[in-house]
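Reviewing the structure listed below.
The values are calculated or read from the model by the stated rules, or taken from the named source; none is laboratory data. Please read all numbers here as calculations on a predicted model, not as lab measurements. Don't worry about glycine lacking a Cβ; one is built from the backbone with ideal geometry, like all the others, and counts go over all protein chains shown. The protein model used for the area step is the full one, side chains on, heavy atoms only, and it has no ligands, DNA or RNA in it. Shrake-Rupley method; radii C 1.70, N 1.55, O 1.52, S 1.80 Å.
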Amino acid sequence: VDTTGAGDSYIAGFVAAMAAGMDLQPCMQAGASTAARTCTHWGG
């Protein structure tokens, strides 16, 4: 719907997963999942 804020959301999900001690691949998946949720509504 709207990609505003998707990059910021990706970084937030990635960093949160890293802080939880996850490996790189799961961190990237967490970031992508968080960014995807952000894109489901209008506005950041």
- Item | Cα-based helix-to-principal-axis angle, 24-38 vs the chain, degrees rounded to 10 | 20 degrees
- Any idea of the accessible area per residue across the chain, 1.4 Å probe, to the nearest Å²? 66 Å²
- Note on the structure: Given a Förster distance of 25 Å, the FRET efficiency implied by the Cβ-Cβ spacing of residue 32 and residue 4, rounded to the nearest 0.05, works out to 0.90
- Message: Tell me the angle of helix 6-19 to the major Cα principal axis of the chain, expressed in degrees between 0 and 90 and rounded to the nearest ten.
- Response: 20 degrees
